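**Q** One structure is given below, represented as structure tokens, and several questions about it will come after.
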Amino acid sequence: MCSRLAAGVAAVVGAAFAASADAPPPIDGLLRDVLKLERTDRDHARRGHPVTTALVGAMDREIVVAGTVRVSASATRVVDLFRDIEGLEQGKGFTQTVRLSEPPRLEDFAGLRWPAEDLRELRRCRAGACKVHLTQRGFDLLARMNWSAADVAAEADKFGRQMALDIVSAYRTGGAAAVGPCLEDRPARDTAGEFAQMLSGKPFLDTATPGLAPLLTNYPRGPRPGGLEEIFYWSLIEFGLKKTIRLNHIVLYPLPGSKEARWVIANRLIWASHYFQNAVEVRLLVDDPAAVSAAHDLVVLNLARPDGLTGVFGPVVRYKVRSGSRDALRKTLAVTKSRAEGAPTATR
């Protein structure tokens, strides 16, 4: 299914990028028709307050949240904030964020260390029975671990750094399919196919960011829009009950045929040690027609398929994840606005 979908998407990607030369839809129509925001919420956002909403996903365990806020700052200022990922990912919940070299090197991961609870779990990890997300390459490296070493934590950290570099390198040369699925499930989930599914049929992507879904789904072989920039980084975050190591890929580009003030910024999860196998955050920066170049509408769509949202307690967990995701997005929008405008951070 993944290959058929990818082939179909690749066939239209050139047309999609060409179509993106047309201006994105008026912001009010995008917020009303795609994000389904009521007038009161749209007005609230236009006054500079972050507004979020939960949208219907394609399946039970798909979480879709979106939001918007008006930012009184130049496009250059806002985009520079997203380029500076180490500065952006700071504060509560963010323990470490490290931008990778070009090309990535093992030294980039020198600060990566397994949380203590992961180290205990790695000792008993087996394919199909592991509470840490590991690919086949991860299990191959883990099999070489010397658990009798005097400093077993240091040995495990070396294993984690090599695995992280291998995952990023595989993704950069062969995309998500080259990374392979994590093996805690039997049968293993087709994460590459799932990602393509997750992005398909999303009005926001089809209407506001044409060409982005094919770019990410077919990476690195799909056509590349003009002005494309890429950033790779790793981070350690406190999410839920466990600290989580993540590997991420950011793409930034101005929409062809439009002013430089209109940008797409997407942050795709490549791998995470817990909770997620597929997630992406898409940001669209649109000129404010009332204050061209001086103000912009930042519109964000978050898509994810977390683990553990099925079963008897699935509905309760889904509700909590959606609610938490909306709260997190609201705070992120507020912080982004505050930093771009140079004002003290405040959330509503």
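Read-outs: derived from the displayed coordinates by stated rules, not from any lab. Since we're looking at a predicted model, the values are computed, not measured. No Cβ is skipped: glycine too gets one built from the backbone with ideal geometry, and neighbour counts run over all protein chains shown.
**Q** Give, as a single signed number, the net charge of other residues whose beta carbon lies under 11 Å from the beta carbon of residue 169, with Lys and Arg counted +1 and Asp and Glu -1.
**A** Computed value for this residue: +2.
**Q** Expressed in nm², what is the orientationally averaged projection area of the convex hull enclosing the Cα positions of the stretch 212-293?
**A** Computing the convex hull of the Cα atoms and averaging its projections yields 6.8 nm².
**Q** Which value in Å does the Kirkwood hydrodynamic radius of the stretch 117-189 take, with 1/r averaged over all unlike C-alpha pairs and then inverted?
**A** Its Kirkwood hydrodynamic radius stands at 12.7 Å.
**Q** Further, regarding this structure: So which trypsin sites (Lys or Arg not before Pro) in the stretch 130-210 pass both tests, a DSSP loop state and at most 12 other Cβ atoms within 10 Å of the Cβ?
**A** Filter output for the stretch 130-210: 144.
**Q** Another question, if that's okay. Could you derive backbone 3J(HN,Hα) for the stretch 116-127 from the dihedral phi with the Karplus parameters 6.51, -1.76 and 1.60 (θ = phi - 60°), listing whole Hz in sequence and x where the residue is Gly or Pro?
**A** These are the phi-based 3J(HN,Hα) values: 4, 5, 5, 4, 5, 5, 4, 4, 10, 5, 9, 4 Hz.
**Q** Report, in listed order, any pair from 92/243; 36/202; 92/331; 131/243; 36/337; 158/243 with a Cα-Cα distance greater than 20 Å.
**A** 36/337, as the Cα separations exceed 20 Å there.
**Q** What translational diffusion coefficient, to the nearest whole µm²/s, does the stretch 2-341 have by Stokes-Einstein, given a Kirkwood radius computed over alpha-carbon pairs, a temperature of 4 °C and 1.567 mPa s viscosity?
**A** Stokes-Einstein gives a translational diffusion coefficient of 62 µm²/s.
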